[in-house]
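Below you'll find the structure, written out as structure tokens, and then a few comments.
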Ligand code: HEC
């Protein structure tokens, strides 16, 4: 019988000590059982505190200034090439066409296709008709690119849509942190090719292919 009492007491103490104070909220600093002179622990190491003083540097501050030319990552880049980075001409209007520094060729469009398939097709669909997979999950507001208004949007405007998103509640989020400027232009070139593809006529088919297909 005595053992039963002992074991029960032991179990109660064990349970309370392991679980008893879990989730408790303390406002006082914990008691340091060991004097910190003997066991300094990590709490008492000498360290530099943010926005504090530090005699090591001649200006006496712990924080260092960023090197000159640093661009805050959350700020839009306002470099000297506003066409490449903002899609805007010098007068602030949306540019038509592509930045002069980019070569728009097949490789460029293929790069655009790859990026488009990753980032845009879930909503806009593989052919740009707005019937991506998200439509099945209730996202009905994605427009089709094959609409005259969007066909006529300047390239610079589309660049801005990719960079900053679109819609009153940003139904389309911005992709500035995921797609670098050059790739945004490549995507635009691919969007243009998707739009062009819908406007194809029999006259676009090369003569040789026409014969192969048996079309006169
Ligand atoms: C999460 C779904 C989603 C993704 C992903 C998405 N879009 Fe959109 N996009 C939308 C919606 C929704 C709108 C309509 C926003 C509005 O005008 O209310 C839109 C609008 C647009 C427009 C028309 C802008 C205008 O002026 O009307 C273009 C062009 C466009 N998107 C291009 C892209 C490109 C390029 C990508 C890939 C980088 C992309 N979108 C990725 C949902 C998406």
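The values are calculated or read from the model by the stated rules, or taken from the named source; none is laboratory data. Please read these numbers as outputs of a predicted model, since none were measured by experiment. Ideal geometry is used to build each Cβ from the backbone, glycine not excepted, and the neighbour counts take in all protein chains shown.
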>> Just to check your reading of the model, which residue among 119, 145 is buried (at least 17 other Cβ atoms within 10 Å of the Cβ), farther than 16 Å from residue 196 by Cα and at pLDDT 95 or above?
In response: 119
> Looking at region 123-216, what helices (runs of 4 or more DSSP H) fall wholly within it and have at least 2 residues that are within 8 Å of the ligand (Cβ to nearest atom)?
Replying inline: 148-151, 155-164, 181-198
>> With the requirement that a residue be away from the ligand (no atom under 12 Å from the Cβ) and outside any loop (DSSP other than H, G, I, E, B), what does region 82-113 give you?
In response: 82, 83, 84, 85, 86, 88, 106, 107, 108, 109, 110, 111
